[in-house]
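Student: Can you read through this structure? Questions will come right after.
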Amino acid sequence: MLTDHDIADLRSHFPILREKTYLYNCSQGAMSDAVEAGMRDYAASWRNSTAPWEDWIETHESLRAAFARFINADSDEVAIVTSASAGINPIANALTFDGPNKDGRNKVVMSEYEFPTMGHIWLAQRSRGAEIQFLDGVSDTVPTECYAAAIDHRTKIVPLTHVSFINGFRSDVEAITKIAHANGALLFLDGFQDCGTRPIDVKALDVDFYVTGTLKYLLGPPGVAFLYVRRELIESLSSTVTSWMAQRDVFAFNTKCLDPAPNAHRFEGGSPSMPSVYMARPALDLLTGFGMDNVASQIERLARAFMQGVRDLKIHSKTPASTVGPLVVLRSTDPAAALAKLTARGIIPSVRLDGIRFGFHVYNTMEDVHTTLNALEDNLDLMARI
């Protein structure tokens with residue numbers, strides 16, 4: 001468990017925390033001095049190296065290895081892409097819903113609480129024969145029983161958010177994965193709103209695909225995301241979404257030969273965003289240095305204290321009372337006005353639809369919780385009440 005001294009020390013790495021109550025982590029993590037140093041390292045390598053791309057590819061591959069360890073995967077099972085969309089698209093494209101390889105499975109089952117890009121990409125597969133079934137929410141949750149009722153022998157894949165961006169609801173990943181696999185379906189986990197807040201083990205979860213990115217709780221920049229593909233599936237998936245970086249020998253430069261890599265590299269896009277790679281690696285190192293069990297414990301402590309304060313104020317929470325964080329979403333009657341009031345007091349949340357989102361991270365403190373609750377108490381007229 002982190003002591004007050006530990007928290008104060010780690011907060012010193014994030015300049016914005018000196019002036020703001022930063023709860024914007026569900027949209028973008030705070031910038032650290034480690035990330036700024038990564039920016040300088042990239043600039044120096046470009047300025048001074050006689051062969052910068054060789055240096056950059058080495059850093060790129062070290063990031064792949066570091067993230068693979070972070071989720072308990074092998075490096076060959078991880079693709080580095082530029083966004084979650086760039087990770088989901090080649091998988092969706094590689095699956096067959098009709099045609100000569102049709103296996104009778106064309107259903108895609110997901111909840112209405114998925115992030116839009118997940119819904120949009122699978123909806124785009126309808127022209128290829130996919131049938132999309134959205135599960136309706138029940139009081140800002142999607143009970144596991146809803147998945148059990150919908151997933152059947154016709155289900156091809158189940159896209160699943162680990163934590164919903166819209167209400168902070170946490171899915172029962174292990175239970176839903178078992179339901180999917182028992183029916184012969186694949187499970188695609190979107191970890192963007194959770195990854196970086198607790199230990200993650202894709203092998204223990206037994207998911208087939210996992211996508212996340214660095215710009216939220218991994219404390220990195222936009223422009224870097226990761227796709228995990230279970231080893232047994234990789235070579236069975238041939239996507240028409242490809243690139244020169246997806247080939248077996250990237251530097252063969254053979255325009256007339258399509259030879260996808262035998263590992264997850266086959267799902268990568270074009271030239272990597274090297275500035276982002278240089279910032280993402282030190283961000284990941286900084287985060288893991290805190291100890292992921294410590295990170296999870298601190299976030300849970302803050303989220304539970306915040307939720308108790310919210311209940312005392314009788315504010316309507318879209319997030320279940322049992323939450324362990326990181327995201328708590330409160331319903332507002334005037335989200336724009338509420339956001340303006342909070343921002344004026346140096347508190348930085350974000351808004352989605354009628355919800356004010358508060359994303360807690362390891363560097364937040366109980367003082368942040370109290371400061372935010374006091375601001376909410378002063379603006380109860382802008383919040384939905386129980």
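Student: Return the calculated 222 nm mean residue ellipticity for the chain, to the nearest 500 deg cm²/dmol, obtained by summing -39500 (n - 2.57) across DSSP H runs with n ≥ 4 and dividing by the residue count. Could the numbers behind the result be given before it?
Tutor: Details: 13 runs with 147 residues, N = 386.
Only helices count here, giving -11500 deg cm²/dmol.
Student: Mind checking the per residue accessible area of the chain for me, 1.4 Å probe, whole number of Å²?
Tutor: Working: 16100 Å² over 386 residues.
Per-residue value: 42 Å².
Student: Which GluC sites (Glu not before Pro) does the range 39-136 hold that lie in a coil by DSSP with at most 15 other beta carbons within 10 Å?
Tutor: When the GluC sites (Glu not before Pro) of the range 39-136 are filtered for loop state and at most 15 Cβ neighbours within 10 Å, Glu112 remain.
Student: Another question about this same structure. Apply the a/c threshold of 1.5 to the C-alpha gyration tensor of the range 271-351 and tell me whether it is rounded, prolate or oblate.
Tutor: The shape class here is oblate.
Student: Based on the mean of other Cβ atoms within 10 Å per residue, sort peptides 32-39, 327-334 so the most packed one is first.
Tutor: Ranked from most to least packed, the peptides come out as 327-334, 32-39.
Student: If you take the square roots of the eigenvalues of the alpha-carbon gyration tensor of the chain and sort them as a ≥ b ≥ c, do you get rounded (a/c under 1.5), prolate (a/b over b/c) or oblate?
Tutor: oblate
Student: Round to a whole angstrom and tell me the spacing of the C-alpha centers of the range 262-313 and the range 181-209.
Tutor: Comparing the Cα centres of the range 262-313 and the range 181-209, I get a distance of 15 Å.
Student: Then there's this: Report, to the nearest whole %, how much of the accessible area of the range 284-386 belongs to carbon and sulfur atoms, 1.4 Å probe, protein only.
Tutor: About 52 percent, which is the carbon plus sulfur part of the accessible surface.
Student: Give the residue list of chymotrypsin sites (Phe, Trp or Tyr not before Pro) in the range 214-320 that are DSSP loop and have at most 15 other beta-carbon atoms within 10 angstrom.
Tutor: Passing sites in the range 214-320 are Phe253.
Student: Using a 1.4 Å probe on the protein heavy atoms only, what accessible surface does Met366 show? Give it in Å² to the nearest 10.
Tutor: 50
Student: Normalised by the residues of the chain, what does the relative contact order come to in percent, with Cα pairs under 8 Å and at least six apart?
Tutor: 22
Student: Additional query: When the solvent-accessible surface of protein heavy atoms is calculated with a 1.4 angstrom probe, in what order do Thr50, Thr242 fall, highest first?
Tutor: Thr50, Thr242
Student: Measure off, as a whole percent, the carbon and sulfur share of the 1.4 Å-probe accessible area of the range 26-99, all protein chains present.
Tutor: Taking all protein chains in place, the range 26-99 shows 50 percent carbon and sulfur surface.
Student: Right, something else. Over the range 329-386, what relative contact order in percent results from Cα pairs under 8 Å that are six or more residues apart? Write out the running numbers ahead of the final one.
Tutor: Numbers: 62 pairs, mean separation 26.8, N = 58.
This gives 46 percent for the range 329-386.
Student: At 1.4 Å probe size, put Phe70, Phe188 in order of accessible surface, largest to smallest.
Tutor: On the way: Phe70 25, Phe188 0 Å².
Largest accessible area first, the list is Phe70, Phe188.
Student: At a 1.4 Å probe, what is the % contribution of carbon and sulfur to the accessible area of the range 155-221?
Tutor: Taking all protein chains in place, the range 155-221 shows 55 percent carbon and sulfur surface.
Student: Let me ask you something else. Rounded, prolate or oblate for the range 1-160? Axes are the square roots of the Cα gyration tensor eigenvalues, ordered a ≥ b ≥ c, and the cut-off for rounded is a/c under 1.5.
Tutor: oblate
Student: Next question, about the same structure. Under 22 Å Cα to Cα from Lys107, which lysines show up? Leave out anything in the same chain fewer than 8 places away.
Tutor: Qualifying lysines at Cα under 22 Å: Lys156, Lys178.
The values are calculated or read from the model by the stated rules, or taken from the named source; none is laboratory data. Everything numeric here is computed off the predicted structure, so don't read it as measured data. Don't worry about glycine lacking a Cβ; one is built from the backbone with ideal geometry, like all the others, and counts go over all protein chains shown. All accessible areas refer to the heavy atoms of the entire protein, side chains included, with ligands and DNA or RNA removed. Shrake-Rupley method; radii C 1.70, N 1.55, O 1.52, S 1.80 Å.
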